[in-house]
Amino acid sequence: MSAQPNNIPTHVAVIMDGNGRWARRQGKARHTGHRAGVKSVRATVEAAAERGVSYLTLFAFSSENWRRPEEEVSSLMSLFVEALRREVAELHRNNVRLRFVGALEQLSGGLQKKMAEAEKTTAGNSGLVLNVAVAFGGRWDIVKAAQSLASKSAAGKLDASDIDEDMFADELQLAGIPDPDLLIRTGGEQRISNFLLWNLAYAELWFTDVLWPEFDKTEFDRALAYFASKQRRYGHTGDQVEAAEC
Ligand code: FPP
């Protein structure tokens, strides 16, 4: 929620859309687009770290993406394994802390192991926190939180009437992390697509027609400039916000 000096968002969330269309435009198979998307992931991580963003959360694979053709799902999973093998050392050198959120138990044992290793390797880093959402859905996250609170209540550990927003947020995958200040979505669509439904409540939303494989630092800076131009009111009036800033 808090903005940093020069109005840099503390937490940026990204829906990386348009890989398939990018590939089609080149007359290539969809997986070529996902592969090209890794370069944009690298550029975005670098840009976020350089600009002083503290948390970056990328939507890499949604709960609904399992519905894609088996061949595409399997090439995406292979790409994740390969990206982890290639990128973790560099991320570690750059003091980035990696975290994976989502229904990770749905992933192959090999991928889960690589993710756990990457988290362990980078756990002590103090720079950018990079959350990668895989097999993630905003509704799934909320339902899981509700289940956890209901179990605690049934076990007599908690009175249902004591449940408040903070307690609920503490059960979500991004517990302990400030909500995204800015959501970037590439690929021309203007929707949330079951991403961080709870956490995006007050995010500024920035959409671009640029397809994910063509997203770069210049585009990231455009999104930051848009964010810097917004007055965040959280229900207050503009006059109240200006008075508090004086
Ligand atoms: C959406 O584009 C993109 C995805 C479902 C996959 C995102 C994955 C990557 C960018 C690969 C690398 C990620 C990491 C974290 C290493 P789309 O396929 O829906 O595009 P379309 O709308 O043009 O079909």
Lone qualifier among SER75, SER63, SER40 - being in contact with a Phe, Trp or Tyr (Cβ under 6 Å, 6 or more places away or on another chain) and within 11 Å of the ligand (Cβ to nearest atom):
SER40
If you scan the stretch 1-28, which residues turn out to be assigned to a loop (DSSP other than H, G, I, E, B) and either modelled with pLDDT of 95 or more or not small (Gly, Ala, Ser) (or both)?
MET1, GLN4, ILE8, THR10, MET16, ASP17, GLY18, GLN26, GLY27, LYS28
Filtering the stretch 209-232 down to residues that are surrounded by fewer than 13 Cβ atoms within 10 Å (Cβ to Cβ) and assigned to a loop (DSSP other than H, G, I, E, B) yields ASP209, SER229, GLN231
Any idea which of (1) in contact (Cβ under 8 Å) with a residue 40 or more places away in the chain; (2) crowded, with 16+ Cβ neighbours inside 10 Å; (3) more than 10 Å from the ligand (Cβ to nearest atom) is the one ASN7 doesn't satisfy?
(2)
Counting only residues that are touching a Leu at 6+ places or on another chain (Cβ under 9 Å) and either without any contact (Cβ under 8 Å) to a residue 60 or more places away in the chain or surrounded by fewer than 15 Cβ atoms within 10 Å (Cβ to Cβ) (or both), the stretch 128-150 contains a total of 6
Does the stretch 148-159 include one or more residues that are within 16 Å of the ligand (Cβ to nearest atom) and in contact with an Asp or Glu (Cβ under 6 Å, 6 or more places away or on another chain)?
no
Examine the stretch 96-105 for a residue that is surrounded by fewer than 16 Cβ atoms within 10 Å (Cβ to Cβ), assigned to a helix (DSSP H, G or I) and either among the hydrophobic types (A, V, I, L, M, F, W, C) or more than 8 Å from the ligand (Cβ to nearest atom) (or both), and state whether such a residue exists.
yes
Going by the structure shown, is LYS28 basic (Lys, Arg), more than 10 Å from the ligand (Cβ to nearest atom) and surrounded by fewer than 18 Cβ atoms within 10 Å (Cβ to Cβ)?
yes
Any chance LYS157 is farther than 25 Å from GLU64 by Cβ, charged (D, E, K, R) and not in a helix (DSSP H, G or I)
yes
Residues of the stretch 112-139 being in contact with a helix residue (DSSP H, G or I) (Cβ under 9 Å, 6 or more places away or on another chain), in a helix (DSSP H, G or I) and more than 21 Å from GLU64 (Cα to Cα), which ones?
LYS114, ALA116, GLU117, ALA118, THR121, THR122
Could you please find all residues in the stretch 50-77 being under 21 Å from ASN125 (Cβ atoms), in a helix (DSSP H, G or I) and either touching a strand residue (DSSP E or B) at 6+ places or on another chain (Cβ under 8 Å) or of a type in the set (Lys, Arg) (or both)?
ARG51
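The values are calculated or read from the model by the stated rules, or taken from the named source; none is laboratory data. Here the structure is a predicted model, which means the values were calculated and not measured. Don't worry about glycine lacking a Cβ; one is built from the backbone with ideal geometry, like all the others, and counts go over all protein chains shown.
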